[in-house]
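Only one structure is covered here, and it is reproduced in the block below.
The values are calculated or read from the model by the stated rules, or taken from the named source; none is laboratory data. Keep in mind it's a predicted model, so treat the numbers as computed, not measured. With ideal geometry, Cβ positions are generated from the backbone for all residues, glycine too; neighbour counts draw on all protein chains shown. Accessible surface areas use protein heavy atoms only, side chains included; no ligands, DNA or RNA. Shrake-Rupley method; radii C 1.70, N 1.55, O 1.52, S 1.80 Å.
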Amino acid sequence: MTTVTPELEARLRALPKVELHQHVDGSIPAEVTWELMRHYRLHPVDTLEEMRRRLELQPEEEGTLLAYLDKMHYPLWITQFYENISRVTEAIVDEAAAAGVQTLELRYSPVIHTFAGLSPRQSIRAVLSGMNHASKRHEGMKLGLIVIAMRQHGPHIAKILARQAISEAQHLHARVGVVGFDIAGPEKGNAPPLFKSAFEIARLGRLGLTVHAGEDAPAEYVWEAVDRLGAQRVGHGCAAASDPELMRRLARDQIVVECCLSSNYHTGAVARGAPHPIQRFLEAGVPVAICCDNTTVSRTDQVRESAQAAAQVGIDAVEEIHRRAAAHTFIDPALALPDTEHDL
């Protein structure tokens, strides 16, 4: 963990930060998950500290993506109900605001929250409800939701989710809405071209396109995300740093790499102790964003992630990254319909 001096923390906390890659399931504050589990008498352990060990990646568990993803198992026990989904989302927004985030895109897979009877659209609306409630406390904070299709669920489910995402798109509703579409989950064996139809639906529905690629698969997957799916941003994208031609392509088309430093070390996408490729991206002219991925699983927030980036590229570069990242958010409040209900 990067040591953050009081001076550096104050400077980073005051910086208007842009978060473009943060998952709901892996960012629910442990205290909130614990409280809800106890309410439903579903808690598998007796204390909050024991629960934390099941929600936060432990040092001896680092090194694989699957071990990292396994940490999102327990939150799903309680995020199957509309009110709970809305509540945990509010808590996530509150924590981001406390870390000085002014632009927050959360991403979320609706299907894995439908086991108790919610429809995918209800599952999406539950998150939007929480974001809208939280927005009342954080005036001026820009909020939007990216809907994720999980690779292991296959291309057909991805197409269904693309349509559901469009039905709650920002430009079709007042206030907070869906702004983007993504695929995530196990990369190997689930190449981007399999999901081309889903991304074409999302593009026609005027959603921003981002793809988890190059985290646990070679640079070829990043190429396919860009060329076959039309990705405007790439989640993680670590493998791209090994391909000079791909780096030139990302720089030429200003395709943002959403860099998640702590997460990349935790999953083994970047070897512990090695420099993060964010430095090479910057040197090649590739636009980047500093992102948390999963604040609870990685025990982090935007101040810590920005501090970790500053240790590698300098605080001035980090400030510039956040300023430029603001131009690449999919959130555009001007597209929302007039909020006539709240004008009365």
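Please arrange TRP223, TRP77 by accessible surface area, largest first, computed with a 1.4 Å probe and ligands excluded.
Largest accessible area first, the list is TRP77, TRP223.
Compute, for the stretch 1-156, the length of the dipole vector about the Cα centre, with Cβ point charges of +1 (Lys, Arg) and -1 (Asp, Glu) only. Units Debye, rounded to 20.
That gives the stretch 1-156 a dipole magnitude of about 640 debye.
Straight-line reach from LYS142: which aspartates and glutamates have Cα under 15 Å away, leaving out those fewer than 8 places along the same chain?
Cα-Cα hits under 15 Å: GLU19, GLU90, ASP94, GLU95, GLU105, ASP332.
Tell me which trypsin sites (Lys or Arg not before Pro) from the stretch 235-308 have a DSSP coil assignment and no more than 12 other beta carbons within 10 Å of their own.
Here the sparse-neighbourhood loop sites are ARG272.
Mind checking the dipole of the chain: about its Cα centre, +1 per Lys or Arg Cβ, -1 per Asp or Glu Cβ, Debye to the nearest 20?
In debye, rounded to 20, the chain gives about 720.
Once Lys and Arg get +1 and Asp and Glu get -1 on their Cβ, which of VAL226, ALA240, VAL303 lies farthest toward the positive end of the dipole of the stretch 187-317?
VAL226
Roughly how many Å² of HIS113 are accessible to a 1.4 Å probe, to the nearest 10?
0 Å²
Tell me, what is the per residue accessible area of the chain in Å², probe radius 1.4 Å?
41 Å²
Here are a few candidate values for Kirkwood radius over Cα pairs in Å: (i) 20.0; (ii) 23.0; (iii) 21.9. Which one was actually calculated from the structure I just gave you?
Recomputing Kirkwood radius over Cα pairs in Å here picks out (i).
Quick check: with the 1.4 Å probe, what order do TYR82, TYR74, TYR68 take by accessible area, largest first?
Largest accessible area first, the list is TYR82, TYR74, TYR68.
With a 1.4 Å probe and all protein chains in place, put ARG137, ARG324, ARG52, ARG233 in order of accessible area, largest first.
ARG324, ARG137, ARG52, ARG233
Can you tell which of TRP77, LEU55, TRP34 lies farthest toward the positive end of the dipole of the stretch 27-81, using +1 and -1 charges on the Cβ of basic and acidic side chains (Lys, Arg; Asp, Glu)?
About the Cα centre, the residue reaching furthest to the positive side is TRP77.
Using DSSP to define loop residues, name the GluC sites (Glu not before Pro) in the stretch 1-78 whose beta-carbon has at most 15 other beta-carbon atoms within 10 Å.
Answer in residue order: GLU62.
Quick one: accessible surface of ASP182, probe radius 1.4 Å, all protein chains present, in square angstrom to the nearest 10.
0 Å²
Could you look at the stretch 93-223 and say what percent of its accessible area is carbon and sulfur, using a 1.4 Å probe and all protein chains?
Carbon plus sulfur share of accessible area: 52 percent.
When the Cα centres of the stretch 224-283 and the stretch 11-84 are compared, how far apart do they sit, in Å?
25 Å
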